[in-house]
1. If you go through segment B:10-17 one residue at a time, do you hit one that is surrounded by fewer than 17 Cβ atoms within 10 Å (Cβ to Cβ) and away from every other protein chain (no Cβ under 14 Å)?
2. When segment B:107-139 is examined, which residues are found to be within 14 Å of another protein chain (Cβ to nearest Cβ) and in contact (Cβ under 8 Å) with a residue 40 or more places away in the chain?
3. Looking at A:Lys278, A:Lys251, which one is assigned to a loop (DSSP other than H, G, I, E, B), in contact with a Phe, Trp or Tyr (Cβ under 9 Å, 6 or more places away or on another chain) and within 24 Å of B:Gly46 (Cα to Cα)?
4. Do you know which of the residues in segment A:85-99 that are over 16 Å from A:Arg177 (Cβ atoms) and of a type in the set (Phe, Trp, Tyr) is nearest to the other protein chains (Cβ to nearest Cβ)?
5. Can you name the number of the only condition in (1) in contact with a strand residue (DSSP E or B) (Cβ under 7 Å, 6 or more places away or on another chain); (2) surrounded by fewer than 22 Cβ atoms within 10 Å (Cβ to Cβ) that A:Arg358 fails?
6. Which residues, counting only those in segment A:323-340, are facing another protein chain (nearest Cβ under 7 Å) and assigned to a loop (DSSP other than H, G, I, E, B)?
7. For segment B:512-631, give me every one of the strands (runs of 3 or more DSSP E) that falls completely inside it and has 2 or more residues that are crowded, with 16+ Cβ neighbours inside 10 Å.
2 protein chains.
Amino acid sequence: MVDEHADGRRRVVIENVSPEIDGGRFAIKRVVGETVEVEADVFADGHDSVACRILYWQDKAKRQSSPMKLVGNDRWRGEFVVSTIGQYHYTVEGWIDPFQTWRNGLQKRVAAKQDVRVELLVGADLIDAAASRAAGEDASLLRDWAQRVRESKAQARTAAIALEEDLLNLVRRHPNRELASRYEKQLCVTVDREKARFSTWYEVFPRSCSPEAGHHGSFRDCEAWIPYIASMGFDVVYFPPIHPIGRSFRKGKNNSTDALPSDVGSPWAIGAAEGGHKSIHAELGAPEDFRRLVAKAREHGLEVALDIALQCAPDHPYVKEHREWFRARPDGTIQYAENPPKKYQDIYPLDFENANWRGLWNELKSIVEFWIGHGVLIFRVDNPHTKSFGFWEWAINEIKQLHPDALFLAEAFTRPQVMYWLAKSGFSQSYTYFTWRNTKQELTEYFTQLTQTNVREYFRPNLWPNTPDILPEFLQIGGRAAFMVRLILAATLSASYGIYGPAFELCENTPLGPGSEEYLNSEKYELKHWDLKSQKSLRNLIASINQIRKGHAALQSNRNLRFHPTDNPSILCYSKTTDDFSDAIVVIVNLDSFHRQSGWVELDLGGLGVNSGHPFQMHDLLSEGRFLWQGSRSYVELTPESLPAHILHVRRWAHSERDFDYYL
Amino acid sequence: MVDEHADGRRRVVIENVSPEIDGGRFAIKRVVGETVEVEADVFADGHDSVACRILYWQDKAKRQSSPMKLVGNDRWRGEFVVSTIGQYHYTVEGWIDPFQTWRNGLQKRVAAKQDVRVELLVGADLIDAAASRAAGEDASLLRDWAQRVRESKAQARTAAIALEEDLLNLVRRHPNRELASRYEKQLCVTVDREKARFSTWYEVFPRSCSPEAGHHGSFRDCEAWIPYIASMGFDVVYFPPIHPIGRSFRKGKNNSTDALPSDVGSPWAIGAAEGGHKSIHAELGAPEDFRRLVAKAREHGLEVALDIALQCAPDHPYVKEHREWFRARPDGTIQYAENPPKKYQDIYPLDFENANWRGLWNELKSIVEFWIGHGVLIFRVDNPHTKSFGFWEWAINEIKQLHPDALFLAEAFTRPQVMYWLAKSGFSQSYTYFTWRNTKQELTEYFTQLTQTNVREYFRPNLWPNTPDILPEFLQIGGRAAFMVRLILAATLSASYGIYGPAFELCENTPLGPGSEEYLNSEKYELKHWDLKSQKSLRNLIASINQIRKGHAALQSNRNLRFHPTDNPSILCYSKTTDDFSDAIVVIVNLDSFHRQSGWVELDLGGLGVNSGHPFQMHDLLSEGRFLWQGSRSYVELTPESLPAHILHVRRWAHSERDFDYYL
């Protein structure tokens, strides 16, 4: 346990450093400009004062440091800002501070009226030692000070000189770190661009974008949709796979195994004679059409995200070229995907245990790099939990070294440990259980776990009220009001959310059958023709909500999510604020999409930066209503069919009554 | 993050292994014969079954393994027994189990009446693969089985053959661990002898053992006390330092700085012209007297523990021989101990930052080795937190490599992180805050932390109701009943406890002054003459309680300490059981040493192994009273002046009514 070559004179201990994921095995995550608040237990034997600091650095850059302060009970805290995309490292360094120790003692001795002659000489030696570590003006100032302490005759005056605050600050600038201890681990931060934290996604099938019903849409058709999507305030437009679709065992409408020749198949059955993951389905267009679409989207403030689904249709070129990447069955056929007794004969999974796994890893990574070459930097990864974990950790790390602005969203709807492991391995964002969390208790518990525990250091939730695979029962039975509730929850509980449209804004909610979460006539297996101008569309509400998200920094992070008690189980109340309370939003949602609900909410005013003695204005950003509240308890009443929620901007009594009048 | 040379085909992930202290930086602690229950999150991508096991080994011994079972949500659990004193290592290994995966699938396919011909061939291949890893009878059994599966014609019958439980067990004996993952850390267990967990200490000053008042006691006098101490059921007798006592700045009675020539001084002011830490104070006797005393104690079931106080009186030989081990002051004197403005001029602390720190470390370690050479294996270390932490970790580790049965008790009354750090560094037992925890809430919170969190893996509490340094206010004001309360709490809350006697059993409780925790006329500075036969002595109660501790395994460990609610804040109720409930003790204490208190206790019967539908007998081991209880709620009433507690042995309704009658 003890290193024979270590210097046994290093007396400071540093432990329980946070944030730290799995003993430093994984990086924490931040976006550019954010702060990393570091805490540690730092102490030494005996009664000597200690001091400590954070050391942090980027891969090849110089080490920087940031001071730490005692918060109590041997716990120290400091922070640093990550200002550049990429990897940062951090650790903690601590050392004995003999001058501070000596100074504390001197104060007590002076107060006890002791003879401090020898003590003052001890102090002068310490000041001289600091001088010898300093240079220039500091050195000569310190030497002068030491001399004054040595030469002054009157003890009381000398002690006063030695205790001057300026001297303390001067000595502190030149600590003796020869015997400093360094925390044994170097911890890591992955710094992403801001979109990793704050993003608003719209999923759309380009093949359904044709203006004419029954026609296969193209990238050109999709271009025409860009202004529509942008007008709702989205900033990521995500396409299901755009590659050639397999013909063998192609699925027909409603996932039927008997496809008609006219059936278009599932975009996730990737690969045909004309190409695989690096090719584009012919009817969508040519590579230049895709690049045009990416450019057009960018003009409208939208980034294109592509789907990475690492599986092959039986016609995929890999099947011929790399038979070794698939598992053979004793009858000579290739093992198709299955979840017994279900069989998915249109899909061959890749065998990550094959002997040529290095070849496979390199090829799969090159798919992502290929599309980065086409201007795409955001990838929604299909079922990453059914591919080897080691591959993801390696591939994401490799790609981000060259493309640190690449982002990966993990579509893993599986057990919690697996979802968290993928996030720790490098995924920038993750799908969540939000899709099935409907009650006040479910939402409170789940989002407390995601935002108030260690999980928040590496798992960035991206909430989806629906996906092409999931039409949740809540939407099936709750009608338009249910869509409004789930939209508002998704958009305000998390800084990142997305919808599968236009199914969502058009409140499409017919399931394949009772107990099924599949859509009837699912877009996964056929072309759809959507009436974007429908009266029941939620596009205006979506636009309002996304506008509110853009205007309120509090909604662009999950750090300060906090739930507030209400006396009605159907009324959920939570708030988000910036760290400095310069922005504070309170959301109150009626979770019952059928009935008017009313009750009392009990706000934790301190958590909103509100002085409990002053009235404050609540400005409903959805209805434009303005309410003057005072104290923590307020009555609310929400009617599902009109608007099932308040999104309240807290306007605090600023500086004078005049300001307050102005707000009203 | 990803090792380029690793085999990317290892698909199993192992994380969150417990117990694990500070990411494996420190060992957990056990005593011989105890179990280490290991848990881990183990999972792989996709839907394949996984299997895992604990690997454990002693330094040079062969690796052993123990199976782990799924407890739910990807969490696995197993255990192993540590059967030898010394160091054990453990880790977790996991692998994909293709046969189990295949078997689960086959069951579902058969239930769905699918054609399973090819599946059966897949299974036969898997069985053959297991055969190739097996030898002897297993190999041929497996090969036969594979052949039967291949050759059998009727699918239903073949499937039945392939699904036989015996086959599953046979294949499981020969798993393919080629691509197994190993948890990246090797964790460590320090295995001590049983006394590390269960010990009963008596502290006594040998110099006060003279039968004649005013005479300096000797080891020979102390021999006469051994039967008395043993009669109370103690198994460790601990002596304050037995070394020559310094003369310069010697402290007089009541810590006076003006000692008279007749004053004997503090045993902790170690060292004089005639010797230091390896010498014996002349008036106590010669080395052979000490060895006789150690032998006499052993005859009575008592082990002698010595005090290791690493500090020097100004007369200590080290001060001349190793001036470099002490800190010089600018006036040429040596820095004495101080806690400004208090000065302890009779004590020189050692300077652990001196350049010859290696020489110092080796010498200090040799002190412990010297006394091990005299038959002592238990050391109570005085103020370890004022010596360098690195020294302790090194020294205890070095000593235990040669003497794994050596035990160290840390007398560190300081901040929690420091106390825990010392325990993690290697101390076998630790003093605690028990001395100042008096109320129900204080005791419940503190002992829940010590016994129900990770702390229990490395911190073994040793409770002291008093010490020569501490006469707590509770004893000062509460009289004899207070001594009884604190004795019972110490002896039953913790498997290890100790008293400073005879001050304790004689209920000595006069403080130096108001607000002081020092004894008036403290034995630290003068010889005492104790009346062991005093009427008010608690020796019979102590003997009873220690007898109960010896007879009840539940009281010999803290693992299953559990608090039960009561409706009276002065009544504390807790229980201890063995893991298998073969022994269960309920303790109910009246914490108010002045008034009779009564109330209802609400037992968690499940936590006692009691069937809530059956009556059970509570046998008060102190009063010999027997009560028939049923259900969780019972009324109790405790009178401080008679007996302020019940120590109840739970006698469950065993097998028949006849058994039960017998108990009554």
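1. Within segment B:10-17, not a single residue is surrounded by fewer than 17 Cβ atoms within 10 Å (Cβ to Cβ) and away from every other protein chain (no Cβ under 14 Å).
2. Answer for segment B:107-139, where residues must be within 14 Å of another protein chain (Cβ to nearest Cβ) and in contact (Cβ under 8 Å) with a residue 40 or more places away in the chain: B:Gln107, B:Val110, B:Asp115, B:Val116, B:Leu120, B:Leu126, B:Ile127, B:Ala129.
3. Testing whether each residue is assigned to a loop (DSSP other than H, G, I, E, B), in contact with a Phe, Trp or Tyr (Cβ under 9 Å, 6 or more places away or on another chain) and within 24 Å of B:Gly46 (Cα to Cα) leaves just A:Lys251.
4. From segment A:85-99, those over 16 Å from A:Arg177 (Cβ atoms) are A:85-90; that's our starting set.
Of the ones still in play, those that are also of a type in the set (Phe, Trp, Tyr) are A:88, A:90.
Numbers: A:Tyr88: 14, A:Tyr90: 16 Å.
If we take residues in segment A:85-99 being over 16 Å from A:Arg177 (Cβ atoms) and of a type in the set (Phe, Trp, Tyr), then A:Tyr88 is nearest to the other protein chains (Cβ to nearest Cβ).
5. The failed condition is (1).
6. Once the filter is applied, which keeps residues that are facing another protein chain (nearest Cβ under 7 Å) and assigned to a loop (DSSP other than H, G, I, E, B), segment A:323-340 yields A:Arg329, A:Pro330, A:Asp331, A:Pro340.
7. So the answer is B:562-564, B:571-577, B:584-590, B:597-602, B:616-620.
Residues are listed down the side, and each one gets a yes or a no for (1) among the charged types (D, E, K, R); (2) more than 26 Å from A:Pro67 (Cβ to Cβ); (3) in contact with a strand residue (DSSP E or B) (Cβ under 8 Å, 6 or more places away or on another chain):
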| residue | (1), (2), (3) |
| --- | --- |
| A:Ser152 | no, yes, no |
| A:Gln155 | no, yes, no |
| A:Asp166 | yes, no, no |
| A:Val171 | no, no, no |
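The values are calculated or read from the model by the stated rules, or taken from the named source; none is laboratory data. This one's a predicted model, so the numbers in the text were calculated from it and none came from an experiment. When we count neighbours, we look across all protein chains shown, and the Cβ atoms used for this are built from the backbone with ideal geometry, even at glycine.
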